[in-house]
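First the structure, in the form of structure tokens, and then the observations on it.
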Amino acid sequence: MRLIATVAAMRETSRGARREGKTMAFVPTMGYLHRGHLALLKEAKKRADLVVASIFVNPTQFNESEDFSSYPREPERDRKLLEENGVDILFLPATEEVYPEGFQTTIDVTGLSEGLCGSSRPGHFSAVATVVAKLFNILRPDVALFGEKDYQQLALIRRMNADLNFGISIVGVPTVREHDGLAMSSRNAGLSPEERKAAPSLYRALSRGRKLFERGERKAEAIIGEAKGVIENPIELDYLEIRDSETLAKIEEISGEAAFAIAARLGKTRLIDNIILKEK
Ligand code: AMP
């Protein structure tokens, strides 16, 4: 695996690969890798000649209270995992090069950034869209892979890719879970034993709602009400919502397909999850 730390070297390498007719799949991450990230890499390997992963803990997408500095980091272990999982190139840009003095451009995917996680994380999605656009421009990949766990992020990147004509094939990868259903996340490491015990009830809540949906219920309010009852202490619910799976517009009654999404606080940790409710 090749390590690349500068924008110029990354650009040159991907240009070279293109000249040789090689296709490139890109998996952006913030490191502290788990099986969810590995699923993205596996899918990437199937879809292109070269797999490029990036690790960049993007400071602009954290609110002050979320504390960018306490985000878990384990660069040596990550490097080993990426190598073992067939990554060809690891891009590790420095913050000063990503955001040089005078940087002032941002991308707003306006509608999709509102509501859900956008309400409690002002500016977050604009920062995500901006950094992903920069990475797309530096690498010019053929394919880019994102987890369905971050459903709003995936929807917004699909929209940006279409709106700004990046022409990249955006692939969503299903959420990888722990044995008890908890969606894998780098943030799970911050849970206390008590919080870790309660955390799987987020997915249990979504699953309970899905059961009702499968029995024929189509009213969002009824499904949400049923799911809410499952959430355990000391979880503080941020939202539990049913939205159109593509536009993320609010819906009262499900027809076709909908995203059932949850976000909650467990002490200092904020967790999210979602499932798709789909009519057969
Ligand atoms: P992060 O390092 O948290 O920024 O995540 C990098 C990528 O991995 C994003 O596209 C996430 O959606 C994806 N991802 C994170 N957790 C999971 C998971 N449990 N299953 C599948 N993909 C995931």
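Does region 153-164 contain any residue that is out of contact with any Phe, Trp or Tyr (no Cβ under 8 Å at 6 or more places or on another chain), outside the structural domain of Thr23 (by TED's automatic domain parsing), farther than 19 Å from Ser245 by Cβ and not in a helix (DSSP H, G or I)?
Checking region 153-164: not a single residue is out of contact with any Phe, Trp or Tyr (no Cβ under 8 Å at 6 or more places or on another chain), outside the structural domain of Thr23 (by TED's automatic domain parsing), farther than 19 Å from Ser245 by Cβ and not in a helix (DSSP H, G or I).
Among all residue pairs at least 6 apart or on different chains, which show Cβ distances below 7 Å where the first residue, located in region 257-270, is under 23 Å from Glu217 (Cα atoms) and the second is among the polar types (S, T, N, Q)?
As it stands, the answer is Glu257/Ser245; Ala258/Ser245; Ala259/Ser245; Ala259/Asn274; Phe260/Asn274; Ala261/Asn274; Ile262/Asn274, since those pairs meet every condition given.
I want to confirm something. Restricting to region 139-182 and keeping residues that are of a type in the set (S, T, N, Q) and near the ligand (Cβ under 9 Å from one of its atoms), which single residue is nearest to Ala5 (Cα to Cα)? Working first, answer last.
Taking region 139-182 as the starting set, the residues that turn out to be of a type in the set (S, T, N, Q) are 152-153, 161, 165, 169, 175.
The next check asks that each one be near the ligand (Cβ under 9 Å from one of its atoms); those that pass are 153, 175.
Details: Gln153: 25, Thr175: 29 Å.
Residue satisfying both the conditions and the ranking: Gln153.
In region 1-53, how many residues are touching a residue at least 40 places away in the same chain (Cβ under 8 Å), more than 16 Å from the ligand (Cβ to nearest atom) and open to solvent by less than 40 Å² (accessible area, probe 1.4 Å)?
The qualifying residues number 7.
So is Glu246 open to solvent by 40 Å² or more (accessible area, probe 1.4 Å), under 23 Å from Gly36 (Cα atoms) and within 16 Å of the ligand (Cβ to nearest atom) or not?
No; evaluated as a whole, the condition is false for this residue.
The values are calculated or read from the model by the stated rules, or taken from the named source; none is laboratory data. Since we're looking at a predicted model, the values are computed, not measured. Cβ coordinates were reconstructed from backbone atoms using ideal geometry, including for glycine residues, and neighbour counts include every protein chain displayed. Just the protein is used for accessible areas: all its heavy atoms, side chains included, with ligands, DNA and RNA removed. Shrake-Rupley method; radii C 1.70, N 1.55, O 1.52, S 1.80 Å.
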